[in-house]
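The values are calculated or read from the model by the stated rules, or taken from the named source; none is laboratory data. All figures in this text were calculated on a predicted structure; none of them were measured in a lab. In this analysis, Cβ positions are derived from the backbone assuming ideal geometry, glycine residues included, and neighbour counts consider all displayed protein chains. With ligands, DNA and RNA removed, areas are computed over all heavy atoms of the protein, side chains included. Shrake-Rupley method; radii C 1.70, N 1.55, O 1.52, S 1.80 Å.
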Amino acid sequence: MSTDTETVLAGRLRAAGCVFAEDEARLLLAAARTPAELDALTARRIDGEPLEQVLGWAAFRGLRVHVEPGVFVPRRRTELLVEQAARLAPARAVAVDLCCGSGAVGAALAVEADLAELHAADFDPAAVRCARHNIPGEVHEGDLFDALPARLRGRVDILVANAPYVPSDAVGLMPPEARLHEPRPALDGGADGLDIARRVMAGAPGWLAPGGWVLVETSERQAPALLRAATGAGLAAQVVTSAELDATAVVGRAGHPG
């Protein structure tokens, strides 16, 4: 399609409030096979649907991660979990991506770490279907650790979780792309945003191998409370941050026997 088409499309997107209109126009043009398909994709984007859901993929750690409508869109800040997990993972690690959503974290970890086993889990059937496109391992459906096979108890070297951590009262303040097009349970972390994250920290010691690691994304403001939850669960824990990614996580380690 012509440069004029791209210019007109960028103008439509900008008028709809898309900050990176030119970039989005190029991506939509590349995705559309016909003018009719371009019109349909553009209408979805102008209606406020996240670009990644419109395109069917999100960029994450150099990968194109399959993303379906109604599934949480992976954020760049979550790359901190992958960076840290890949650095900490032993050779032939057993890894679990909990609250996996699209499976972006697990997919990237499979590329960047030496894994013997990779498991992912989510309670949302749509997320599980999506993750099975992305995860080169087993994807389980269920509530947190209840979804995992019992054979993993005491064997997990790396447990990563991008659990929801937006306080309930703040979900309504999120951009429309998120609050209208992503499942609320993937965003809403309860009164202070840490209901699910605390459950992850509390349950992790029963699943981690000796010396295994749990890594949970959070916000800078919430990190001290989540750190207390991790240490209260018996983990040796610390807060890690990335200014480049504007990201924060709490990383805990299970003790060695003896």
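Listed residues 143, 188; which is open to solvent by 30 Å² or more (accessible area, probe 1.4 Å) and touching a Ser or Thr at 6+ places or on another chain (Cβ under 8 Å)?
On the way: 143 fails: touching a Ser or Thr at 6+ places or on another chain (Cβ under 8 Å).
Answer to the selection: 188.
What pairs can you find where one residue is in the range 160-188 and over 19 Å from residue 198 (Cα atoms), the other is open to solvent by less than 50 Å² (accessible area, probe 1.4 Å) and aromatic (Phe, Trp, Tyr), and their Cβ atoms are less than 6 Å apart, with a gap of 6+ or different chains?
182/72
Among the numbered conditions (1) open to solvent by less than 10 Å² (accessible area, probe 1.4 Å); (2) under 27 Å from residue 215 (Cα atoms), tell me where residue 68 comes up short.
Evaluating residue 68 over (1) open to solvent by less than 10 Å² (accessible area, probe 1.4 Å); (2) under 27 Å from residue 215 (Cα atoms) leaves (1) as the failure.
Select from the range 48-67 the residues that are closer than 18 Å to residue 183 by Cα and charged (D, E, K, R) and write down the one among them that is modelled with the lowest pLDDT.
Top of the filtered list is 49.
From the list 238, 222, which one is polar (S, T, N, Q), open to solvent by 40 Å² or more (accessible area, probe 1.4 Å) and touching a residue at least 12 places away in the same chain (Cβ under 8 Å)?
Numbers: 222 fails: open to solvent by 40 Å² or more (accessible area, probe 1.4 Å).
After applying the criteria, what remains is 238.
Within the range 14-30, which residues are more than 26 Å from the chain's Cα centre (by Cα) and either open to solvent by less than 70 Å² (accessible area, probe 1.4 Å) or touching a residue at least 40 places away in the same chain (Cβ under 8 Å) (or both)?
Passing the criteria: 16, 29.
Got at least one residue in the range 79-95 being buried (at least 20 other Cβ atoms within 10 Å of the Cβ) and closer than 20 Å to residue 185 by Cα?
No.
Name every residue in the range 141-159 that is touching a residue at least 12 places away in the same chain (Cβ under 8 Å) and out of contact with any Gly (no Cβ under 9 Å at 6 or more places or on another chain), in order of residue number. Before the answer, list the steps.
The first filter runs over the range 141-159 and keeps only residues touching a residue at least 12 places away in the same chain (Cβ under 8 Å), leaving 141-145, 147-149, 152-159.
141, 142, 143, 147, 149, 152, listed by residue number.
Looking only at the range 241-252, count how many residues are surrounded by fewer than 22 Cβ atoms within 10 Å (Cβ to Cβ), of a type in the set (Gly, Ala, Ser) and within 18 Å of the chain's Cα centre (by Cα).
Residues meeting the conditions: 1.
Could you check residue 70 against (1) more than 14 Å from residue 130 (Cα to Cα); (2) at pLDDT below 95; (3) not aliphatic (A, V, I, L, M) and say which number it fails?
(1)
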